[in-house]
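Asker: Before we start, here is the structure in question, set down as structure tokens.
The values are calculated or read from the model by the stated rules, or taken from the named source; none is laboratory data. Because the structure is predicted, anything quoted here is derived from the model rather than measured. Reconstructed Cβ throughout: ideal geometry from the backbone, glycine too, with neighbour counts over all protein chains shown. These accessible areas exclude ligands, DNA and RNA; they are computed on the full protein's heavy atoms, side chains included. Shrake-Rupley method; radii C 1.70, N 1.55, O 1.52, S 1.80 Å.
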Amino acid sequence: MSERLQQAGDALAFKRKYGPWALIAGASHGVGAAFAHQLAARGLNCVLVARRQDALDALRLELVARHGVEVLAVSQDLSHADAADRLLAAVTDREIGLFVYNAGGDSFLTRFLDTPVEDWSSLLRLNASTPMACCHAFGGRMLGRGRGGMILVGSQAALGGIRKLAMYSASKGFAMNLGESLWAEWKDRGIDVLNLLIGTVDTPTMREAMVRLNIPDALGMPLPQAADIVALALRELHNGPTLIHPQDIDATGYGQSPGQVRREHVIAKSAEAAAFIGND
Ligand SMILES: NC(=O)c1ccc[n+]([C@@H]2O[C@H](COP(=O)([O-])OP(=O)(O)OC[C@H]3O[C@@H](n4cnc5c(N)ncnc54)[C@H](OP(=O)(O)O)[C@@H]3O)[C@@H](O)[C@H]2O)c1
């Protein structure tokens, strides 16, 4: 079979499993925009969510022109308490087969007590409560259909506490544990869940932070590219629950499959817990 035919077949299979709509939360630039481009190229219609309507509208026009897919642009601040409800209302009855949650960072970069608790609460909603409510709503619909996928874009900060990143690492840890648990619950029911834990990636947000922190060569330093990391995540989506970039890729050189360590951990812990809380 020619390479072209193979690619067309792969795209069709991807669309059957994860289509007809993908929702990308945090889609207006960087990693989220890279997801939108690659998902539209596979023929998925896209719901794009972020705060800046103008950036979403520009991306919508580009995706429609290039790929002929349907695109809905939703301006929504995902740190608001009612964000998930508003998102559900905007989506109406569109079948979301793939949910990507990419929004979520830490614009404060301070010690815990140097930022007011209201601001930390807002970060907690953006990084934890809103994705939790979305996983509940979209996951329930996917289970009803017996197919679908979720990608929670996280950070290596999820793996442990870090000075001056207390709420970022805590909230990313919440999201990672949520995603791993959902993977364990849903993996045999047709739903793929992948936490994508990033070390560093070249995004406008990251470059701005590097400039703000006076990092030498902040604008010129080579960083991993969003398009490459997104391609990897889509390739490994069936291979959850957690892909750590770049360590998991480096580990394949030592005979491990991507994500093997976290996968074995979650399977072992779920089996241990089943002895107490049941396996239903
Ligand atoms: N960049 C890195 O090196 C790096 C490292 C580790 C982990 N990550 C993780 O990767 C993800 C994306 O990285 P990134 O932050 O560098 O930026 P990014 O992918 O370039 O952009 C973040 C996106 O989220 C949107 N967003 C931010 N706050 C929002 C809010 N309150 N409501 C709705 N949308 C919002 C932004 O658009 P608007 O401004 O239009 O709202 C933008 O579209 C994050 O989850 C981050 O934790 C990144």
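Asker: Identify the single condition in (1) at pLDDT 95 or above; (2) in contact with a helix residue (DSSP H, G or I) (Cβ under 8 Å, 6 or more places away or on another chain) that Leu61 does not satisfy, given that it satisfies every other one.
Answerer: Of the numbered conditions (1) at pLDDT 95 or above; (2) in contact with a helix residue (DSSP H, G or I) (Cβ under 8 Å, 6 or more places away or on another chain), the odd one out for Leu61 is (2).
Asker: Considering only residues that are small (Gly, Ala, Ser) and more than 16 Å from Ala233 (Cβ to Cβ), look in the stretch 12-41 and name the one that is farthest from the ligand (Cβ to nearest atom).
Answerer: Taking the stretch 12-41 and keeping what is small (Gly, Ala, Ser), we get 13, 19, 22, 25-28, 30, 32-34, 36, 40-41.
Still in the list and also more than 16 Å from Ala233 (Cβ to Cβ): 13, 19, 28.
Values: Ala13: 27, Gly19: 22, Ser28: 4 Å.
Residue satisfying both the conditions and the ranking: Ala13.
Asker: Identify, from the list Gly144, Gly190, Gly161, Gly220, the residue that is surrounded by fewer than 18 Cβ atoms within 10 Å (Cβ to Cβ), free of Cβ contacts under 8 Å to residues at least 24 places away in the same chain, closer than 24 Å to Ala13 by Cα and more than 14 Å from the ligand (Cβ to nearest atom).
Answerer: Details: Gly190 fails: free of Cβ contacts under 8 Å to residues at least 24 places away in the same chain; Gly161 fails: closer than 24 Å to Ala13 by Cα; Gly220 fails: closer than 24 Å to Ala13 by Cα.
Of the residues listed, the single one that is surrounded by fewer than 18 Cβ atoms within 10 Å (Cβ to Cβ), free of Cβ contacts under 8 Å to residues at least 24 places away in the same chain, closer than 24 Å to Ala13 by Cα and more than 14 Å from the ligand (Cβ to nearest atom) is Gly144.
Asker: So which helices (runs of 4 or more DSSP H) stay within the stretch 126-243 end to end and still have 1 or more residues that are aromatic (Phe, Trp, Tyr), touching a helix residue (DSSP H, G or I) at 6+ places or on another chain (Cβ under 8 Å) and at pLDDT 95 or above?
Answerer: Numbers: elements: 130-145, 166-186, 204-212, 226-236.
In the stretch 126-243, 166-186 are the helices (runs of 4 or more DSSP H) which contain 1 or more residues that are aromatic (Phe, Trp, Tyr), touching a helix residue (DSSP H, G or I) at 6+ places or on another chain (Cβ under 8 Å) and at pLDDT 95 or above.
Asker: Select from the stretch 31-44 the residues that are within 17 Å of the chain's Cα centre (by Cα) and open to solvent by 20 Å² or more (accessible area, probe 1.4 Å) and list them in ascending order. Outline the logic, then answer.
Answerer: Filtering the stretch 31-44 down to residues within 17 Å of the chain's Cα centre (by Cα) leaves 31-40, 44.
His37, Gln38, listed by residue number.
Asker: Let me ask something additional. What about Val261, is it β-branched (Val, Ile, Thr), touching an Asp or Glu at 6+ places or on another chain (Cβ under 9 Å) and either free of Cβ contacts under 8 Å to residues at least 24 places away in the same chain or open to solvent by 60 Å² or more (accessible area, probe 1.4 Å) (or both)?
Answerer: Numbers: β-branched (Val, Ile, Thr): yes; touching an Asp or Glu at 6+ places or on another chain (Cβ under 9 Å): yes; either free of Cβ contacts under 8 Å to residues at least 24 places away in the same chain or open to solvent by 60 Å² or more (accessible area, probe 1.4 Å) (or both): yes.
In short, yes.
Asker: Within the stretch 99-141, can you find the residues that are among the small types (Gly, Ala, Ser), under 21 Å from Gly161 (Cβ atoms) and open to solvent by less than 10 Å² (accessible area, probe 1.4 Å)? Explain how you work it out, then say what you get.
Answerer: Keep residues of the stretch 99-141 that are among the small types (Gly, Ala, Ser), which gives 103-105, 107, 121-122, 128-129, 133, 137, 139-140.
This time we only want the ones that are under 21 Å from Gly161 (Cβ atoms), so: 104-105, 107, 121-122, 128-129.
Once the filter is applied, which keeps residues that are among the small types (Gly, Ala, Ser), under 21 Å from Gly161 (Cβ atoms) and open to solvent by less than 10 Å² (accessible area, probe 1.4 Å), the stretch 99-141 yields only Ala128.
Asker: Which of the residues belonging to the stretch 127-184 are of a type in the set (Ser, Thr, Tyr) and under 15 Å from the mean Cα position of the chain (by Cα)? Full working, then the answer.
Answerer: If we filter the stretch 127-184 for residues that are of a type in the set (Ser, Thr, Tyr), which is where we start, we get 129-130, 155, 168-169, 171, 181.
Correct list: Ser129, Thr130, Ser155, Ser171.
Asker: Looking at (1) under 17 Å from the mean Cα position of the chain (by Cα); (2) open to solvent by 20 Å² or more (accessible area, probe 1.4 Å), find the lone condition where Tyr18 falls short.
Answerer: All conditions pass for Tyr18, except number (2).
Asker: If you don't mind, another one. For the stretch 70-98, name all the residues that are open to solvent by less than 40 Å² (accessible area, probe 1.4 Å), more than 14 Å from Cys134 (Cα to Cα) and either among the hydroxyl-bearing types (Ser, Thr, Tyr) or part of a helix (DSSP H, G or I) (or both).
Answerer: none
Asker: Then there's this: Out of (1) within 12 Å of the ligand (Cβ to nearest atom); (2) hydrophobic (A, V, I, L, M, F, W, C); (3) in contact (Cβ under 8 Å) with a residue 60 or more places away in the chain, what's the single condition that is false for Phe138?
Answerer: (1)
Asker: Still on this structure, I have one more. Tell me which of these Val49 doesn't satisfy, since it passes every other one: (1) surrounded by fewer than 23 Cβ atoms within 10 Å (Cβ to Cβ); (2) within 18 Å of Pro131 (Cβ to Cβ); (3) near the ligand (Cβ under 10 Å from one of its atoms).
Answerer: Val49 satisfies all of (1) surrounded by fewer than 23 Cβ atoms within 10 Å (Cβ to Cβ); (2) within 18 Å of Pro131 (Cβ to Cβ); (3) near the ligand (Cβ under 10 Å from one of its atoms) except (1).
Asker: Considering only the stretch 1-15, state which residues are crowded, with 17+ Cβ neighbours inside 10 Å and either without any contact (Cβ under 8 Å) to a residue 24 or more places away in the chain or charged (D, E, K, R) (or both). Lay out the reasoning, then the answer.
Answerer: In the first step, residues of the stretch 1-15 are kept if they are crowded, with 17+ Cβ neighbours inside 10 Å; the result is 14-15.
Listed by number, the list holds a single entry, Lys15.
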